[in-house]
Amino acid sequence: MSYLGIDLGTSEVKAVLTDAESNMIASSRTRLRVENPHPLWSEQSPQDWWNATLDAIAAIRSEQPRAFRALRGIGLSGQMHGATLLNRSGNVLRPAILWNDMRAYAECVELEALVPDSRSITGNRAMPGFTAPKLLWLSKYEPAVFRAVQKVLLPKDYIAWRLTGEFVSDMSDASGTLWLDVAKRDWSDRMLNATGLSRENMPRLVEGSEPAARLRGELQREWGLEGSVTVCGGAGDRAASAIGIGVAHPGDAFLSLGTSGVLFAATTSYAPNPAPAVHAFCHCVPQRWHQMSVILSAAASVHWLAGLLKRGVAELIDIAPSGQSAAAPIFLPYLNGERTPHNDAAAKGVFYGMTSAHSAEHLAYSVLEGVAFAMADGYAAVRDAGTTLCAAAFVGGGSRSAFWGRLCASALGFQLNRSEGSDLGAALGAGRLARLACTREELAAVIKAPAISARHEPDVALRSLLADRFERYRRLYHVLKSGFRG
């Protein structure tokens with residue numbers, strides 16, 4: 001018996017085949033391309049998603065044919081918020097509008113005016129990355145396409161439709177549309193009506209760990225599978241990653257330092273705090289929710305500085321500790337605007353307090369510290385919503401740096417635990433959801449944290465040094481805010 005987890009990301013499709021105990025048997029990756037036809041636009045072809053998914057599956061079939069034939073369940077994870085539009089014949093009407101597409105910023109204001117209590121319903125501020133503002137934009141600027149829309153699917157749900165012939169989504173992914181009543185775990189008729197849509201245009205909702213549909217018979221026969229295959233509800237990418245690293249119960253959390261930075265905390269109740277741009281979403285297992293703070297430039301800030309100084313990223317991270325001092329500049333990592341807690345697309349990156357005495361080491365330290373401060377700023381907003389953490393899993397490319405881990409742990413005030421293999425967490429999580437849908441096991445038997453390879457404790461002396469610098473960091477944004485729009 002085996003399970004397949006598929007993660008449809010923005011840059012690639014990852015697939016992982018696991019055994020009955022969720023141990024990885026094989027994995028594969030297929031690259032994807034993003035199109036930017038206009039400034040602020042970001043689009044992909046749904047057919048490219050499907051082709052890449054088939055290629056990833058073919059690689060696993062080729063590597064492990066016997067284990068693949070024993071496939072019993074498929075779980076899907078995917079990039080959130082993307083608007084995938086189908087007509088009554090099931091044809092894709094236009095390229096999918098992705099999560100990082102910013103064209104619908106004006107429609108966010110319009111949507112919140114149409115539904116004044118939208119934040120209490122959805123648990124979130126309206127942001128252009130979400131799906132609902134995209135459909136308002138479409139109704140204005142591509143009205144013929146809008147009139148032809150029969151189904152609006154999220155990216156992973158399009159793959160589910162190609163696999164099963166069923167229109168179905170899960171609670172975690174649907175939370176990122178602004179059409180879900182997150183507390184009730186159901187579509188909101190008011191939010192749908194505000195964008196000219198109805199439940200008829202939406203997929204059926206199930207929990208991520210529940211059976212959603214069966215694999216199409218023709219695919220089962222083509223792939224030589226020995227029995228019928230269940231496709232589960234699946235999850236949005238962050239929720240699936242959480243399942244892959246064992247974050248499902250209250251008090252569980254992870255901190256991710258990838259291109260962006262994410263703090264994800266599991267909760268047993270709906271606990272929104274939308275004003276400072278904390279996301280409140282359903283988790284992908286029943287009776288669980290999660291809070292999430294997001295910064296837009298985490299490791300991206302280090303890559304930017306590396307390009308500027310013509311140095312390697314690893315080299316900058318290595319030299320950063322020697323630049324640690326109270327005299328280093330303060331860095332605001334708002335190179336691409338900011339999400340939590342400011343929700344300010346106009347925010348800019350800043351080095352403050354530079355002198356001719358500062359070196360590359362100082363700048364490298366300042367960037368790592370600035371990202372740690374941004375994550376601590378987001379955690380303060382999560383804490384205001386009632387969640388206090390003692391520890392979190394530490395994932396993403398930035399988690400490879402022990403110094404950055406100690407810096408983040410000291411800035412946030414809780415322990416960070418690093419595990420190996422977290423880059424496949426979303427696909428592994430999707431595979432675990434498929435296992436749950438097939439076996440109906442208890443969550444605790446399936447959703448386990450991987451072995452810890454490194455622990456980063458808050459450093460008392462460093463935390464004391466950081467306290468004053470963190471307050472200066474927080475004041476700087478408010479002092480400079482008006483100038484960001486100049």
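The values are calculated or read from the model by the stated rules, or taken from the named source; none is laboratory data. Quick caveat: nothing in here was measured; it's all calculated off a predicted structure. Positions of Cβ are backbone-derived with ideal geometry, glycine not excepted, and every protein chain shown enters the neighbour counts.
Once region 363-397 is narrowed to residues that are surrounded by fewer than 24 Cβ atoms within 10 Å (Cβ to Cβ) and closer than 18 Å to Arg311 by Cβ, the residue that is modelled with the lowest pLDDT is Gly397.
Only one of Ser209, Ser241, Ser256, Ser172 is in a strand (DSSP E or B), surrounded by 20 or more Cβ atoms within 10 Å (Cβ to Cβ) and among the hydroxyl-bearing types (Ser, Thr, Tyr). Can you tell me which? So the residue among Ser209, Ser241, Ser256, Ser172 that is in a strand (DSSP E or B), surrounded by 20 or more Cβ atoms within 10 Å (Cβ to Cβ) and among the hydroxyl-bearing types (Ser, Thr, Tyr) is Ser256.
Here Ala194 fulfils each of the conditions (1) at negative phi; (2) buried (at least 21 other Cβ atoms within 10 Å of the Cβ); (3) under 25 Å from the mean Cα position of the chain (by Cα); (4) of a type in the set (A, V, I, L, M, F, W, C) apart from (3). For region 386-418, a residue qualifies if it is over 18 Å from Gly261 (Cβ atoms) and touching a residue at least 24 places away in the same chain (Cβ under 8 Å), and the qualifying residues are Gly386, Cys390. Checking Ala148 against (1) in contact with a helix residue (DSSP H, G or I) (Cβ under 9 Å, 6 or more places away or on another chain); (2) within 27 Å of Asn36 (Cβ to Cβ), only one condition comes out false. Which one? Exception for Ala148: condition (1). Note on region 392-431: residues that are in a helix (DSSP H, G or I) and among the hydrophobic types (A, V, I, L, M, F, W, C) amount to 13. Just one of the listed residues (Glu63, Glu166, Glu112, Glu142) is of a type in the set (D, E, K, R), in the same structural domain as Ala15 (by TED's automatic domain parsing) and closer than 18 Å to Asn193 by Cα, and it is Glu112.
For the subset of region 51-97 comprising residues that are surrounded by fewer than 16 Cβ atoms within 10 Å (Cβ to Cβ) and of a type in the set (Lys, Arg), which member is farthest from Met202 (Cα to Cα)? Selected residue: Arg66.
In the set Val247, Val231, only one residue is surrounded by 24 or more Cβ atoms within 10 Å (Cβ to Cβ), in a loop (DSSP other than H, G, I, E, B) and not small (Gly, Ala, Ser); that residue is Val247.
Take the conditions (1) in contact with a strand residue (DSSP E or B) (Cβ under 9 Å, 6 or more places away or on another chain); (2) surrounded by fewer than 18 Cβ atoms within 10 Å (Cβ to Cβ); Pro329 misses just one of them, which is (2).
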